[in-house]
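**Student:** Sharing a structure here in structure tokens format.
Read the figures in this text as sums done on the coordinates, not as results from a lab. Worth saying up front: this structure is predicted, and the values here are computed from it rather than measured. Backbone-built Cβ (ideal geometry, glycine too); neighbour counts: all protein chains shown.
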Amino acid sequence: MADNNENKVLNVPHLRFPEFSGEWKRVELKDVAEFQKSRIPADSLDASCYISTENLIPNFGGIKEASSISTDGNVMAIKPNDILISNIRPYLKKVWQSDRFGGCSADVFVLRTTGCQSDFLYNIIASDKFINYAMSGAKGVKMPRGDKRQMEEFEFSIPAIEEQNRISRLLSLLDERIATQNKIIEDLKKLKSAIIEKHYSQAEKQIVCVTDLGEPFNVGNLAKDDLAETGMPCVIYGELFTTYGEIISQIESHTNKTEGMILSKKGDLLFPSSTTVDAMSLIAPSVINVDGVILGGDMFGIHISTNFNAQYLSYYFNHIAKRQLAKFAKGSTIIHLHYTDIEKAKLFLPSLEEQNRMAKCLLALDAKMNIENIYLSLLNGQKTYLLCQMFI
């Protein structure tokens with residue numbers, strides 16, 4: 001590839017394949033694509049050919065079909081390579097490329113290329129630049145919807161079709177590698193769950209109560225607004241769902257709120273106390289392997305006794321005891337779980353020797369997964385860089 005920084009006065013990207021030259025052509029979206037209006041009867045499709053709004057989910061090279069067709073009348077007709085854009089504002093940032101003939105929900109814009117390579121246009125539409133533009137033009141109060149006319153006026157630049165093909169091929173190869181990397185990580189997660197379940201099913205067990213595990217404790221009030229760029233390391237309640245898994249070894253957040261706050265002890269097991277999803281998702285404790293971290297928000301903790309392996313307990317609760325403990329959660333819209341709800345629950349645990357052995361194995365597997373996640377981040381960073389440098 002050749003660097004074209006010296007040609008900034010021309011309408012060309014910073015990074016370009018060396019065999020191409022000449023300026024890119026400035027166009028509006030309506031010049032190279034059109035929004036589809038064609039419809040087909042919903043009863044002419046089976047579920048494998050229909051895409052609902054709820055099932056617009058990236059799926060390693062395709063889109064998941066709906067489990068059933070829950071619509072009346074006609075649906076939007078789609079073809080392979082059509083670009084699908086959810087037209088409800090909270091989801092406008094979600095863009096997909098169809099891999100089938102069929103139909104889709106009316107809550108989706110179907111965009112078909114007329115003067116541009118489809119993969120090249122997909123990368124344009126999936127860019128932050130287009131998504132922010134589309135979001136800014138959404139109309140409505142409760143459920144703002146995208147404005148097709150405004151989208152049609154979106155301006156961008158395109159090269160000749162041969163250069164479009166080369167760029168698309170490069171990005172397609174990178175996407176395939178990213179998809180492979182995602183699958184590697186997903187397979188490692190499945191392997192971890194299988195190892196945990198297989199070991200547990202074969203190990204001899206002893207009955208203990210949650211109260212036997214250690215001393216419970218509450219934490220202070222800490223919210224997102226209390227986070228800072230620097231200060232004391234901290235863990236807030238929401239991060240137990242979004243940032244951390246079974247093990248917390250590196251702290252991501254900081255706060256300057258220190259007065260009256262509770263500090264962690266290495267090996268503490270932290271439980272989230274509420275969720276709006278479901279009871280099963282609430283059973284997601286993390287063991288913190290760092291001393292002196294400020295803990296806050298809607299959570300409770302247990303200082304785990306030396307009679308148990310805290311790392312193993314975290315894996316155990318997340319993979320083995322979720323269904324059992326979920327039964328103790330209370331509420332409908334907001335689901336709560338407190339220590340007093342589960343303190344008398346009986347647990348069937350392997351011996352400390354077995355806990356130690358299995359925790360060592362699982363920690364090694366987590367280290368492998370961490371390396372694969374870092375590599376995935378590097379691949380995504382490489383794609384972001386190429387999209388920034390190879391497009392105008």
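**Student:** To make sure I understand the rule: partners must be lysines, Cα under 16 Å from the Cα of K25, and not fewer than 8 residues away in the same chain. Which ones qualify?
**Tutor:** Candidates past the 8-residue exclusion: K8.
**Student:** Right, another one. Order these peptides, 36-42, 384-390, by their mean beta-carbon neighbour count within 10 angstrom, highest first. Numbers along the way, then the final one.
**Tutor:** Working: 36-42: 12.9, 384-390: 15.3.
Per-residue Cβ counts within 10 Å, averaged per peptide and sorted highest first, yield 384-390, 36-42.
**Student:** Over region 206-349, what is the relative contact order in whole percent, taking alpha-carbon pairs under 8 Å and six or more residues apart?
**Tutor:** Numbers: 309 pairs, mean separation 48.8, N = 144.
The normalised contact order for region 206-349 reaches 34 percent.
**Student:** Please sort 220-229, 94-103 by packing, taking for each peptide the average over its residues of neighbouring beta carbons within 10 angstrom, highest first.
**Tutor:** Details: 220-229: 14.1, 94-103: 20.0.
Peptide ranking by packing, descending: 94-103, 220-229.
**Student:** Classify region 328-392 from the C-alpha gyration tensor, please: rounded if a/c falls under 1.5, else prolate or oblate depending on whether a/b exceeds b/c. It would help to have the intermediate numbers written out before the result.
**Tutor:** Values: a/c = 7.76, a/b = 1.68, b/c = 4.61.
In terms of gyration-tensor shape, oblate.
**Student:** What is the packing order of peptides 289-298, 204-213, taking the mean over residues of other C-beta atoms within 10 Å and listing the highest first? Please report the intermediate quantities before stating the final value.
**Tutor:** Values: 289-298: 18.6, 204-213: 13.5.
Top of the packing list down: 289-298, 204-213.
**Student:** Need one number: nm distance between label points at K139 and A160, each 7 Å from Cα along Cα→Cβ, rounded to one decimal.
**Tutor:** Result: 4.1 nm between the two label points.
**Student:** Mean Kyte-Doolittle hydropathy of -1.0 or higher plus an axial Cα length of 27 Å or more: which whole DSSP H helices in the chain meet both?
**Tutor:** Working: long enough: 161-202 (60 Å, -0.61); 352-390 (56 Å, 0.00).
The answer, listed by residue number, is 161-202, 352-390.
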